[in-house]
Amino acid sequence: MKDTTALAQALLHHHRQLTLAVCENDVPYTAMASYAWHAGGILIHLSNLSAHKRMLMANPQCSLLMAEPDDGRAEVMSLARLTLNGSAIKLDKAGEAYAAAQTAYLAKLPSSEIMFGLPDFDLFHIVPTSARYIGGFGRIFNLSADDLKRL
(Lines give C-alpha, C1' and ligand atoms only; values in the text may rest on other atoms or scores of the structure.)
Protein backbone atom coordinates (compact mmCIF):
# COMPACT_ATOMS: atom_id res chain seq x y z
CA MET A 1 0.00 0.00 0.00
CA LYS A 2 2.97 2.33 0.56
CA ASP A 3 3.61 2.91 -3.17
CA THR A 4 -0.04 3.52 -3.93
CA THR A 5 -0.56 5.94 -1.04
CA ALA A 6 2.53 7.84 -2.20
CA LEU A 7 0.80 8.43 -5.56
CA ALA A 8 -2.31 9.77 -3.84
CA GLN A 9 -0.18 11.85 -1.50
CA ALA A 10 1.66 13.46 -4.41
CA LEU A 11 -1.62 14.44 -6.03
CA LEU A 12 -2.94 15.90 -2.76
CA HIS A 13 0.15 17.90 -1.94
CA HIS A 14 1.14 19.21 -5.38
CA HIS A 15 -2.14 20.70 -6.54
CA ARG A 16 -4.10 23.73 -5.35
CA GLN A 17 -7.53 23.32 -6.91
CA LEU A 18 -10.26 20.76 -6.67
CA THR A 19 -13.83 20.19 -7.69
CA LEU A 20 -16.21 20.30 -4.74
CA ALA A 21 -19.44 18.33 -5.11
CA VAL A 22 -22.35 19.13 -2.79
CA CYS A 23 -26.05 18.40 -2.88
CA GLU A 24 -29.19 20.39 -2.12
CA ASN A 25 -32.65 18.84 -2.21
CA ASP A 26 -31.26 15.83 -4.08
CA VAL A 27 -29.83 18.10 -6.79
CA PRO A 28 -26.04 17.79 -7.21
CA TYR A 29 -23.87 20.86 -7.62
CA THR A 30 -20.16 21.19 -8.35
CA ALA A 31 -17.78 24.10 -7.99
CA MET A 32 -14.06 24.71 -8.26
CA ALA A 33 -12.30 25.61 -5.02
CA SER A 34 -8.73 26.18 -3.95
CA TYR A 35 -7.49 23.99 -1.12
CA ALA A 36 -4.68 23.09 1.22
CA TRP A 37 -4.03 19.78 3.01
CA HIS A 38 -3.82 20.24 6.77
CA ALA A 39 -4.31 18.11 9.90
CA GLY A 40 -5.46 15.06 7.97
CA GLY A 41 -7.98 16.92 5.86
CA ILE A 42 -8.75 19.47 3.19
CA LEU A 43 -9.12 23.17 3.94
CA ILE A 44 -11.34 25.29 1.70
CA HIS A 45 -12.16 28.98 2.15
CA LEU A 46 -15.62 30.01 0.98
CA SER A 47 -17.62 33.23 0.68
CA ASN A 48 -21.28 33.77 1.47
CA LEU A 49 -21.63 34.77 -2.18
CA SER A 50 -21.05 31.17 -3.26
CA ALA A 51 -23.97 28.80 -3.66
CA HIS A 52 -21.78 25.86 -2.63
CA LYS A 53 -21.08 27.40 0.79
CA ARG A 54 -24.80 27.68 1.51
CA MET A 55 -25.32 24.09 0.34
CA LEU A 56 -22.38 22.82 2.40
CA MET A 57 -23.74 24.55 5.50
CA ALA A 58 -27.11 22.83 5.00
CA ASN A 59 -25.57 19.43 4.22
CA PRO A 60 -21.89 19.00 5.19
CA GLN A 61 -21.48 15.73 3.26
CA CYS A 62 -19.38 16.34 0.18
CA SER A 63 -17.08 14.81 -2.38
CA LEU A 64 -13.84 16.31 -3.68
CA LEU A 65 -11.99 15.57 -6.91
CA MET A 66 -8.36 16.44 -7.63
CA ALA A 67 -6.94 15.60 -11.04
CA GLU A 68 -3.78 15.98 -13.02
CA PRO A 69 -4.08 18.82 -15.52
CA ASP A 70 -4.84 17.75 -19.08
CA ASP A 71 -1.45 17.55 -20.78
CA GLY A 72 -2.77 16.67 -24.22
CA ARG A 73 -2.00 12.96 -24.06
CA ALA A 74 -3.97 10.75 -26.42
CA GLU A 75 -5.99 9.02 -23.69
CA VAL A 76 -7.44 11.59 -21.29
CA MET A 77 -8.72 8.84 -18.96
CA SER A 78 -5.12 7.95 -18.11
CA LEU A 79 -4.76 11.18 -16.12
CA ALA A 80 -4.36 10.53 -12.39
CA ARG A 81 -7.21 11.58 -10.12
CA LEU A 82 -8.25 11.27 -6.51
CA THR A 83 -11.80 11.42 -5.16
CA LEU A 84 -12.30 12.03 -1.45
CA ASN A 85 -15.56 11.73 0.46
CA GLY A 86 -16.14 13.39 3.79
CA SER A 87 -17.93 15.90 5.91
CA ALA A 88 -17.15 19.62 6.17
CA ILE A 89 -16.82 21.44 9.47
CA LYS A 90 -16.83 25.24 9.57
CA LEU A 91 -13.95 26.37 11.76
CA ASP A 92 -14.67 28.92 14.48
CA LYS A 93 -12.67 32.08 13.73
CA ALA A 94 -12.01 32.54 17.46
CA GLY A 95 -10.79 28.96 17.96
CA GLU A 96 -7.21 27.71 18.16
CA ALA A 97 -7.70 25.36 15.22
CA TYR A 98 -8.61 28.30 12.98
CA ALA A 99 -5.26 30.09 13.37
CA ALA A 100 -3.28 26.96 12.52
CA ALA A 101 -5.54 26.19 9.58
CA GLN A 102 -5.28 29.74 8.27
CA THR A 103 -1.48 29.57 8.47
CA ALA A 104 -1.45 26.28 6.55
CA TYR A 105 -3.88 27.59 3.93
CA LEU A 106 -1.89 30.77 3.35
CA ALA A 107 1.38 28.83 3.16
CA LYS A 108 -0.06 27.05 0.12
CA LEU A 109 -2.16 29.95 -1.25
CA PRO A 110 -0.55 33.24 -0.13
CA SER A 111 -2.55 35.33 -2.61
CA SER A 112 -5.69 34.46 -0.59
CA GLU A 113 -4.59 36.57 2.38
CA ILE A 114 -6.87 39.49 1.48
CA MET A 115 -9.93 37.21 1.64
CA PHE A 116 -9.22 36.41 5.29
CA GLY A 117 -9.96 40.06 6.07
CA LEU A 118 -13.43 39.85 4.55
CA PRO A 119 -16.16 38.96 7.06
CA ASP A 120 -18.23 36.73 4.76
CA PHE A 121 -15.47 34.16 4.20
CA ASP A 122 -15.24 31.03 6.32
CA LEU A 123 -12.68 28.27 6.50
CA PHE A 124 -13.91 24.68 6.34
CA HIS A 125 -12.02 21.54 7.30
CA ILE A 126 -13.11 18.43 5.44
CA VAL A 127 -11.91 15.21 7.01
CA PRO A 128 -12.07 12.46 4.40
CA THR A 129 -13.68 9.18 5.37
CA SER A 130 -12.76 7.35 2.17
CA ALA A 131 -11.00 7.93 -1.11
CA ARG A 132 -10.45 6.37 -4.51
CA TYR A 133 -7.30 6.91 -6.53
CA ILE A 134 -7.20 6.25 -10.27
CA GLY A 135 -3.81 6.52 -11.91
CA GLY A 136 -4.88 5.25 -15.32
CA PHE A 137 -6.06 1.90 -16.61
CA GLY A 138 -5.54 -0.86 -14.04
CA ARG A 139 -4.08 1.53 -11.45
CA ILE A 140 -7.08 1.91 -9.17
CA PHE A 141 -7.23 1.56 -5.41
CA ASN A 142 -9.39 2.60 -2.48
CA LEU A 143 -8.08 4.35 0.61
CA SER A 144 -9.64 3.98 4.04
CA ALA A 145 -9.90 6.69 6.67
CA ASP A 146 -6.82 5.14 8.33
CA ASP A 147 -4.86 5.24 5.04
CA LEU A 148 -5.78 8.89 4.62
CA LYS A 149 -4.46 9.79 8.07
CA ARG A 150 -1.00 8.75 6.87
CA LEU A 151 -1.04 11.15 3.93
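Points worth noting:
- Taken over the stretch 101-151, the criterion of being small (Gly, Ala, Ser) and either at positive phi or part of a helix (DSSP H, G or I) (or both) is satisfied by ALA101, ALA104, ALA107, SER111, SER112, GLY117, GLY136, GLY138, ALA145.
- Leading residue by the ranking (surrounded by the most Cβ atoms within 10 Å (Cβ to Cβ)) among those in the stretch 9-38 that are over 20 Å from ASN142 (Cβ atoms) and β-branched (Val, Ile, Thr): VAL22
- Taking the stretch 75-92 as the range and being in a strand (DSSP E or B) and either over 24 Å from LYS149 (Cα atoms) or of a type outside the set (Lys, Arg) (or both) as the test, the residues that pass are LEU82, THR83, LEU84, ASN85, GLY86, SER87, ALA88, ILE89.
- Taking the stretch 92-151 as the range and being charged (D, E, K, R), surrounded by 11 or more Cβ atoms within 10 Å (Cβ to Cβ) and more than 22 Å from ARG54 (Cβ to Cβ) as the test, the residues that pass are LYS108, GLU113, ARG132, ARG139, ASP147, LYS149, ARG150.
- Qualifying residue in the stretch 91-106 (condition: closer than 18 Å to THR19 by Cβ, without any contact (Cβ under 8 Å) to a residue 60 or more places away in the chain and of a type outside the set (Gly, Ala, Ser)): no
- Any pair with Cβ under 6 angstrom, 6 or more apart, that starts in the stretch 33-47 at a residue that is of a type in the set (S, T, N, Q) and ends at one that is assigned to a loop (DSSP other than H, G, I, E, B) and surrounded by fewer than 23 Cβ atoms within 10 Å (Cβ to Cβ): SER34/ARG16; SER34/LEU109; SER47/ASP120
- Subset of the stretch 48-80 (residues that are modelled with pLDDT under 95, of a type in the set (D, E, K, R) and surrounded by 14 or more Cβ atoms within 10 Å (Cβ to Cβ)): GLU68
- Filtering the stretch 42-74 to residues that are over 18 Å from LYS93 (Cβ atoms) and either in a strand (DSSP E or B) or among the aromatic types (Phe, Trp, Tyr) (or both) leaves ILE42, GLN61, CYS62, SER63, LEU64, LEU65, MET66, ALA67.
The values are calculated or read from the model by the stated rules, or taken from the named source; none is laboratory data. Not measured: the values here are computed from a predicted model. Here the Cβ is made from the backbone with ideal geometry for all residues, glycine too, and neighbour counts use every protein chain on show.
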